[in-house]
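> Quick one: structure below, then a few questions.
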Amino acid sequence: MEFLTQLWMPIVVSAGVVFILSALAWTAMPHHKHEWQPLPNEDAVLNAMRASQPPPGQYTLPFYMDPKERDNPVVRDKLMKGPVGFLTIVPNGIWSMAPMMGKAFVYNLVVSFLVAYVGWHALGAGASYLAVFRVVGAVAAMSYVLAVVPESIWFGRPWKTFRLHLLDGTIYGLFTAGVFGWLWPS
């Protein structure tokens, strides 16, 4: 755990920098503004869902878990008629941003911790700024970008959304690399 005593400062600072960049990306920058859209006839959909009050969780529409059921004419008809999709239900009420922001910062700390671990064991103390920047930047960018790929592959998240996260994650990786390069122990 020597890396932790040597790299605690860049871990915390880079997590803070990425937290701020992420907040700016989602609140001030225009590129995420059109990522989400309302359902057509949203009120009718909400009223239909209120009638059954699904608890918070993840749902697939239409629901079938056994691939053999696709051959069932009833299931096949539902799939062909659509809509087909995935739905996440969260608890009712106005979202409190504070717990989500706290979780986001912890996530950034975990990424920076793992980046520090890899960087320390790949480079050791006294590595040059450029060497640190290359290794840490690659690991950080992979951490922030590649985690969202399965959402597009398996759950239908639009690839346009992935491209937006690719942009964000690359920027987070570059800033993480810069912080680690600047604060790397000599």
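> Do we find that LEU164 is touching a residue at least 60 places away in the same chain (Cβ under 8 Å) and over 16 Å from PHE113 (Cα atoms) in this structure? Break it down stepwise before answering.
Values: touching a residue at least 60 places away in the same chain (Cβ under 8 Å): yes; over 16 Å from PHE113 (Cα atoms): yes.
For LEU164, the condition - touching a residue at least 60 places away in the same chain (Cβ under 8 Å) and over 16 Å from PHE113 (Cα atoms) - is met.
> Looking at LYS78, LYS68 in this structure, which one is more than 24 Å from TYR144 (Cα to Cα) and surrounded by 11 or more Cβ atoms within 10 Å (Cβ to Cβ)? Can you show your working first?
Values: LYS68 fails: surrounded by 11 or more Cβ atoms within 10 Å (Cβ to Cβ).
Selected residue: LYS78, the only one of LYS78, LYS68 that is more than 24 Å from TYR144 (Cα to Cα) and surrounded by 11 or more Cβ atoms within 10 Å (Cβ to Cβ).
> Taking the stretch 129-186 as the region of interest, how many residues are at negative phi and either in contact with a strand residue (DSSP E or B) (Cβ under 7 Å, 6 or more places away or on another chain) or outside any helix (DSSP H, G or I) (or both)? Outline the logic, then answer.
As a first pass, look at the stretch 129-186 and keep what is at negative phi: 129-155, 157-186.
Of the ones still in play, those that are also either in contact with a strand residue (DSSP E or B) (Cβ under 7 Å, 6 or more places away or on another chain) or outside any helix (DSSP H, G or I) (or both) are 147-148, 155, 157-158, 184-186.
Matching residues across the stretch 129-186 total 8.
> In the stretch 47-65, which residues are surrounded by 11 or more Cβ atoms within 10 Å (Cβ to Cβ) and hydrophobic (A, V, I, L, M, F, W, C)?
Result: MET49, LEU61.
> Would you mind stating whether LYS33 is under 25 Å from LEU164 (Cβ atoms) and at pLDDT below 90? Spell out how you get there, then give the answer.
On the way: under 25 Å from LEU164 (Cβ atoms): yes; at pLDDT below 90: yes.
Spelling it out, LYS33 is indeed under 25 Å from LEU164 (Cβ atoms) and at pLDDT below 90.
> Quick one: would you say VAL18 is assigned by TED's automatic domain parsing to the domain that holds ASP168, of a type in the set (Val, Ile, Thr) and surrounded by 11 or more Cβ atoms within 10 Å (Cβ to Cβ)?
Numbers: assigned by TED's automatic domain parsing to the domain that holds ASP168: yes; of a type in the set (Val, Ile, Thr): yes; surrounded by 11 or more Cβ atoms within 10 Å (Cβ to Cβ): yes.
So VAL18 passes the test.
> If you don't mind, another one. Scanning for something touching a helix residue (DSSP H, G or I) at 6+ places or on another chain (Cβ under 7 Å), more than 30 Å from ARG50 (Cβ to Cβ) and hydroxyl-bearing (Ser, Thr, Tyr), does the stretch 123-138 turn up at least one residue?
As a first pass, look at the stretch 123-138 and keep what is touching a helix residue (DSSP H, G or I) at 6+ places or on another chain (Cβ under 7 Å): 123, 125, 129, 131-133, 135-137.
From what's left, more than 30 Å from ARG50 (Cβ to Cβ): 123, 125, 129, 131-133, 135-137.
From the residues that got through so far, the ones that are hydroxyl-bearing (Ser, Thr, Tyr) too are 129.
Yes: the stretch 123-138 contains one or more residues that are touching a helix residue (DSSP H, G or I) at 6+ places or on another chain (Cβ under 7 Å), more than 30 Å from ARG50 (Cβ to Cβ) and hydroxyl-bearing (Ser, Thr, Tyr).
> While we're here: Where in the stretch 1-113 are the helices (runs of 4 or more DSSP H), entirely inside, with at least 2 residues that are of a type in the set (A, V, I, L, M) and in contact with a Phe, Trp or Tyr (Cβ under 6 Å, 6 or more places away or on another chain)? If you could, list the steps in order and put the result at the bottom.
On the way: elements: 2-27, 42-52, 73-81.
In the stretch 1-113, 2-27 are the helices (runs of 4 or more DSSP H) which contain 2 or more residues that are of a type in the set (A, V, I, L, M) and in contact with a Phe, Trp or Tyr (Cβ under 6 Å, 6 or more places away or on another chain).
> Look at GLY85 and say whether it is under 25 Å from the mean Cα position of the chain (by Cα), touching a residue at least 40 places away in the same chain (Cβ under 8 Å) and not assigned by TED's automatic domain parsing to the domain that holds GLU151. Spell out the reasoning first.
Working: under 25 Å from the mean Cα position of the chain (by Cα): yes; touching a residue at least 40 places away in the same chain (Cβ under 8 Å): yes; not assigned by TED's automatic domain parsing to the domain that holds GLU151: yes.
Taking the combined requirement at face value, the residue satisfies it.
> Regarding PRO83, is this residue within 25 Å of PHE19 (Cα to Cα), loosely packed, with under 15 Cβ neighbours inside 10 Å, out of contact with any His (no Cβ under 9 Å at 6 or more places or on another chain) and at pLDDT below 95? Write out each step before concluding.
Values: within 25 Å of PHE19 (Cα to Cα): no; loosely packed, with under 15 Cβ neighbours inside 10 Å: yes; out of contact with any His (no Cβ under 9 Å at 6 or more places or on another chain): yes; at pLDDT below 95: yes.
Judged against the criteria, PRO83 is not a match.
The values are calculated or read from the model by the stated rules, or taken from the named source; none is laboratory data. Keep in mind it's a predicted model, so treat the numbers as computed, not measured. Methodologically, a virtual Cβ is constructed for each residue, glycine included, from the backbone with ideal geometry; neighbour enumeration extends over all protein chains shown.
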